[in-house]
1. Each label point is 7 Å from the Cα along the Cα-to-Cβ direction; what then is the distance between the points at Arg106 and Ala175, in nm?
2. Skipping prolines and chain starts, which residues have an amide H placed within reach, meaning under 5 Å, of the one on Gln88, given they are 5 or more residues away or on another chain?
3. Want the number for Asn53 to Ala28: 0.36 nm per residue separation, take away the alpha-carbon distance, what's left?
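Each reported figure results from applying straightforward, stated rules to the coordinates on display, with no laboratory input. Keep in mind the model is a prediction, meaning the values are calculated, not measured. Because the Cβ atoms are built from the backbone with ideal geometry, glycine has one as well, and the counts that use them run over all protein chains shown.
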Amino acid sequence: MISDPRIHRAAFDFLQKQSSDLFLVLSAAAEVIWANESAERVFGRQLAGGNFNDLLDGFGGRITIEGIGNGDSVDRMVTVAGPADTRQSYYFSFLRRDEIILVFGRIDAEELERSRHEMFVLNQELNDLSRQLHKKNAELNSALAHVKTLQGILPICMHCHKIRNDKEVWDRLEAYIERQTDAQFSHSICPDCLKTHYPDIPEDDEE
């Protein structure tokens with residue numbers, strides 16, 4: 001048995017400020033007499049004066065604090081309601097000492113591991129989506145770099161079909177389009193022009 005009051009004081013200070021576990025002192029009627037900083041962070045408010053059962057969520061019934069005998073230790077897994085509608089499972093140990101009940105709560109290890117796994121999976125999915133997005137953006141930028149479009153009204157000669165460019169110079173239609181787009185022209189002759197300009201050449205003559 002440790003009798004040095006300095007050790008007791010150091011242990012109490014650790015539970016109050018440093019411990020990540022929840023530590024509460026309840027009355028026999030489940031009223032919170034005292035709670036450490038970790039408990040108040042989890043529940044998101046000051047706890048002294050409140051009823052412990054009011055802090056629980058989804059338990060399906062109140063914990064019968066009055067049923068815990070003097071010197072008895074009871075362990076229960078419960079879900080607590082934190083700020084902003086957060087929910088977290090904790091493994092609570094209740095120990096009665098005369099008219100007070102000591103409560104120690106530690107996070108459910110299985111749920112914590114489950115949460116970590118879910119977070120890992122979500123991060124992986126996010127990274128995959130990010131890589132896919134970067135790939136699509138790169139493909140889109142590459143495609144846009146090779147696409148040129150003609151927009152607006154093009155001034156074209158009604159007779160020779162030359163187009164006036166932005167320098168007020170009249171270009172051949174083919175030359176203008178080739179400069180403004182990635183298109184290229186190869187010249188041939190349509191059947192109507194063949195009849196008009198080369199009447200002596202048969203239409204079925206491949207030459």
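1. For Arg106 paired with Ala175, the spin-label model returns 8.6 nm.
2. Val80, Gly82
3. Values: separation 25, 0.36 × 25 = 9.00 nm, distance 1.26 nm.
Contour length minus Cα-Cα distance gives 7.7 nm.
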